[in-house]
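Here's the structure we're looking at; comments come further down.
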């Protein structure tokens, strides 16, 4: 499974990178995302769920949030 390590980035860059991944990913594709930025840790899972994707929290410590995303919708495409 692919991993997208966004632990070195601050908001809004992690959200932008997740949106870019969503645009190119096929339905059913899974990825693990690593986040450390407090705003991103809060906002990205909510954003993904609001679009209808699956988010599973794998680790949530003081230093990192590790989530598994499954793309289930085509809300973001290369044409948008």
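Okay, here's what the table says:
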{"read-out": "Close pairs (7 angstrom Cβ cut-off, 6 or more residues apart or separate chains): on the phi < 0 side of the Ramachandran plot and surrounded by 13 or more Cβ atoms within 10 Å (Cβ to Cβ) in the range 9-20, modelled with pLDDT of 95 or more and assigned to a loop (DSSP other than H, G, I, E, B) anywhere", "value": "9/37; 11/37; 14/6; 14/37; 17/6"}
{"read-out": "Members of the range 10-32 that are closer than 15 Å to residue 66 by Cβ and either out of contact with any helix residue (DSSP H, G or I) (no Cβ under 8 Å at 6 or more places or on another chain) or not in a helix (DSSP H, G or I) (or both)", "value": "30, 31, 32"}
{"read-out": "Any hit, the range 27-45, residues being under 12 Å from the mean Cα position of the chain (by Cα) and either exposed (fewer than 14 other Cβ atoms within 10 Å of the Cβ) or free of Cβ contacts under 8 Å to residues at least 12 places away in the same chain (or both)", "value": "yes"}
{"read-out": "Count - residues of the range 36-57 that are assigned to a loop (DSSP other than H, G, I, E, B) and within 12 Å of residue 6 (Cβ to Cβ)", "value": "2"}
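The values are calculated or read from the model by the stated rules, or taken from the named source; none is laboratory data. Since the structure is predicted, the reported quantities are computational estimates derived from the model, not experimental observations. So basically every Cβ, Gly included, is an ideal-geometry build from the backbone, and we count neighbours across all protein chains shown.
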